[in-house]
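Each remark here refers to the structure printed beneath this line.
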Ligand code: HEC
Ligand code: HEC
């Protein structure tokens with residue numbers, strides 16, 4: 001073929017392919033995905049009939065659920081909310097995204113959740129200006145039973161940035177992140193002789209990188225946590241407390257792989273739809289119970305320190321306010337006294353920097369980011385992997401395949417009555433991982449959509465600190481309550497191990 005015709009045809013193919021990628025209708029890119037929802041095809045609809053998008057290209061983690069596009073007002077709110085997630089906040093007043101600081105963690109949500117990813121990427125340096133670095137830093141006392149955060153000095157999620165003249169509690173250049181090799185009890189070798197490598201993180205912080213002169217870093221430890229996916233959290237929110245408590249009760253009765261349920265959180269005044277107590281189900285430690293008082297709703301305030309009608313105070317420690325208000329350079333730059341600066345930093349009645357309307361739009365977006373459909377489920381090898389996952393290996397004991405959302409979910413009724421496939425029990429289990437940092441007993445991470453990580457986020461890093469560089473390593477880090485499952489995985493033939501991973505990539 002004439003080279004110019006060939007290039008022309010290739011260009012058309014590319015255009016067609018990328019258009020197909022943006023199409024909201026089921027794509028046949030991978031296999032013959034079903035186009036209509038029925039009991040027989042339900043499993044392909046990972047986010048349920050109403051919460052799934054049939055897409056597998058680079059934007060598959062950031063799509064609105066299909067019903068959003070049928071309603072002009074929801075459509076407007078969704079995209080306004082999406083901008084709030086994507087936009088960098090600024091410190092000056094009078095703009096839609098004003099209010100950054102005085103001290104903060106990142107300028108935007110997307111800085112840590114690039115491409116809305118299943119996970120952010122493993123990095124070698126904690127640099128909050130690096131858009132791939134999604135790590136949250138925590139400083140804690142390793143000698144306390146619950147690994148208590150050093151909360152007299154630092155906020156729970158440690159701030160490493162500030163708007164001048166304020167100073168950051170920690171100078172990032174003094175934070176060191178190393179990846180060290182780990183040898184497991186099998187000398188990193190499968191029974192069939194195949195070998196593998198494992199790595200784990202170690203974080204150290206120089207004493208002189210810390211703003212507080214009386215804080216002794218040598219008596220403390222630092223821990224990192226990576227992001228979890230944004231998509232589908234509305235559906236997880238729509239699961240009823242009763243169903244979550246029933247899963248917990250069932251696990252206690254069965255006598256193996258018994259999870260821990262998140263502690264009850266009283267959300268009276270914090271959740272307009274469901275006030276009262278709810279068990280934690282979000283974050284690795286199940287510290288957040290509902291989306292309205294969840295990791296995103298709180299991050300909008302505590303990551304950026306942007307105030308709003310329901311958060312009219314700073315995310316800040318008293319110790320930080322004291323040190324900053326006594327700092328001569330800060331006093332001089334602001335032309336204010338110690339008392340004035342302290343009063344401003346610790347005020348409980350600051351002016352809201354974000355409007356209620358903007359926040360409401362943000363929540364419409366937050367609930368309605370769709371889950372990508374499963375792919376290749378009809379492939380015989382994937383089917384074989386599924387049998388291993390469900391039956392032989394016992395993975396489903398914790399990675400519970402499906403849930404049905406509550407019969408009426410008040411904030412967004414379209415999310416009611418959906419059969420979803422997140423592959424998690426929303427409970428915490430102890431995998432006895434080597435040097436896990438603060439996340440010793442971790443929530444079972446949802447597995448839905450993870451197979452698209454390489455396409456969308458350009459990596460396949462997994463686990464709460466991203467120590468696993470692919471599915472295989474993620475499984476090999478399972479121990480403790482999942483030791484038996486891991487041991488059975490190790491005994492599989494290479495072909496069976498690969499089939500299991502093909503299944504994980506498909507869901
Ligand atoms: C400093 C990095 C960082 C920034 C910035 C950030 N997040 Fe996160 N996010 C995380 C980490 C780490 C987790 C893992 C959860 C944890 O804390 O255990 C997470 C978890 C979440 C989850 C929970 C998923 C689940 O399944 O439990 C949601 C939702 C979320 N973030 C939304 C947001 C939104 C919305 C913003 C902006 C307002 C934001 N995040 C900003 C780091 C960040
Ligand atoms: C005892 C409960 C339990 C069992 C059994 C179990 N898992 Fe997990 N799984 C977890 C928990 C908890 C995590 C999160 C661990 C962490 O990040 O520290 C996890 C994480 C994962 C991840 C990483 C997900 C991510 O995005 O970070 C994969 C993949 C995974 N499991 C696959 C499997 C497979 C395959 C099996 C069966 C061979 C299995 N698991 C058995 C509890 C379990």
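Numbers for the structure displayed
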{"quantity": "Descending semi-axes in whole angstrom, ellipsoid equivalent of segment 368-507, from the Cα gyration tensor", "calculated": "25, 19, 15"}
{"quantity": "Computed label-point distance, nm, for sites residue 344 and residue 268 using a 7 Å Cα→Cβ extension", "calculated": "3.7 nm"}
{"quantity": "Alpha-carbon spread of segment 84-138, three principal axes, descending order, Å", "calculated": "36, 21, 16"}
{"quantity": "R0 of 35 Å, Cβ-Cβ distance residue 76-residue 35: FRET efficiency to nearest 0.05", "calculated": "0.80"}
{"quantity": "Sorted by Cβ neighbour density within 10 Å, fewest at the top, the residues 104, 471, 250", "calculated": "250, 471, 104"}
{"quantity": "Label-point separation in nm, residue 196 to residue 407, each point 7 Å along Cα→Cβ", "calculated": "4.5 nm"}
{"quantity": "Proxy reagent accessibility, fewest Cβ within 10 Å first, across 38, 223, 108", "calculated": "38, 108, 223"}
{"quantity": "Ellipsoid equivalent to the chain - semi-axes via the Cα gyration tensor, in Å", "calculated": "38, 29, 24"}
{"quantity": "Cα gyration tensor category, rounded, prolate or oblate, for segment 260-368 with a/c compared to 1.5", "calculated": "prolate"}
{"quantity": "DSSP beta bridges in the chain [antiparallel fraction, %, rounded to 5]", "calculated": "90 percent"}
{"quantity": "Rounded if a/c under 1.5, otherwise prolate or oblate - segment 370-448, Cα gyration tensor axes", "calculated": "oblate"}
{"quantity": "Gyration tensor verdict on segment 426-507 (Cα atoms; rounded if a/c is under 1.5, prolate if a/b is larger than b/c, oblate otherwise)", "calculated": "oblate"}
{"quantity": "Gap separating the Cα centres of segment 153-220 and segment 290-355, nearest whole Å", "calculated": "26 Å"}
{"quantity": "Estimated inter-spin distance, residue 59 and residue 326, nm [label 7 Å along Cα→Cβ]", "calculated": "5.3 nm"}
{"quantity": "Mean separation of Cα contacts under 8 Å, 6 or more apart, over the residue count of segment 124-210: relative contact order %", "calculated": "25 percent"}
{"quantity": "Mean Cα-pair separation over length for the chain, i.e. relative contact order, pairs under 8 Å, 6 or more apart, %", "calculated": "21 percent"}
{"quantity": "Protection proxy ranking of 356-362, 195-201 - average other beta-carbon atoms within 10 Å, highest first", "calculated": "356-362, 195-201"}
{"quantity": "Estimated 222 nm signal from helices in the chain, with DSSP H stretches of n ≥ 4 weighted -39500 (n - 2.57), rounded to 500", "calculated": "-8000 deg cm²/dmol"}
{"quantity": "Fewest-first sequence of 270, 149, 244 by Cβ atoms within 10 Å of each Cβ", "calculated": "270, 149, 244"}
{"quantity": "Segment 294-449, relative contact order [Cα under 8 Å, separation at least 6], %", "calculated": "16 percent"}
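The numbers here are math on the coordinates, done by the rules we state, and not lab data. Only a predicted model underlies this, so the values are computations on that prediction, with no experimental measurement involved. Note that each Cβ is placed from the backbone with ideal geometry, even for glycine, and that neighbours are counted across all protein chains shown.
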